[in-house]
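First up is the structure itself, then whatever we jot down about it.
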Amino acid sequence: MSEIKNNAIKLSGELANIQVKSRKDGKITVLRVEIPSQDLDDSVAGKLFKVQGSNVELDILPAQLELDTDEPEEADGQTEMFEQ
C-alpha cells in the first residue's frame with residue numbers, strides 16, 4: 001500500500017505584517033510571520049529553507065478562538081473575526 005507522506009511543519013508565531021504588492025502578473029499579498037528563533041530547532045529551520053520558494057498551504061488559527069453561542073451578543077472578551 002502506498003500513501004502520501006505527511007511533510008507538515010507545525011509552528012506558532014505572530015502574523016507581524018501584511019502587504020499587498022503589485023507584480024507584472026498581478027497583485028500579491030505578502031504575509032510576514034515572526035517565530036522566535038529559540039522555538040526552531042535545526043531540523044525545522046532546515047525544512048523551512050527547503051520549502052522556500054515552493055507552494056505551501058497555510059492554516060491560520062488565531063490565538064483567541066471565538067466561542068460560538070446562541071446569544072445575539074458576543075461573549076465578554078470575544079471578537080468577531082469574520083462576518084457570517
(message) Taking the alpha-carbon distance from Lys47 and a cut-off under 21 Å, which lysines remain once sequence neighbours fewer than 8 residues away in the same chain are dropped?
(response) Lys5, Lys10
(message) What does the net charge come to around Gln19 if you take all other residues with beta carbon closer than 15 Å to its beta carbon, with K and R at +1 and D and E at -1?
(response) +3
(request) Search the structure for amide H atoms under 5 Å from the amide H of Val33, placed 1.01 Å from N in the peptide plane, and list their residues when 5 or more places away or on another chain. (result) Ala16
(request) Check the straight Cα-Cα distances from Lys24 and name the lysines below 25 Å, setting aside those fewer than 8 residues away within the same chain. (result) none
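Bear in mind that the values in this text are calculations on the coordinates, not laboratory data. None of the values given here were measured: they were computed from a predicted structure. Note: ideal-geometry Cβ built from the backbone for every residue, glycine included; neighbour counts use all protein chains shown.
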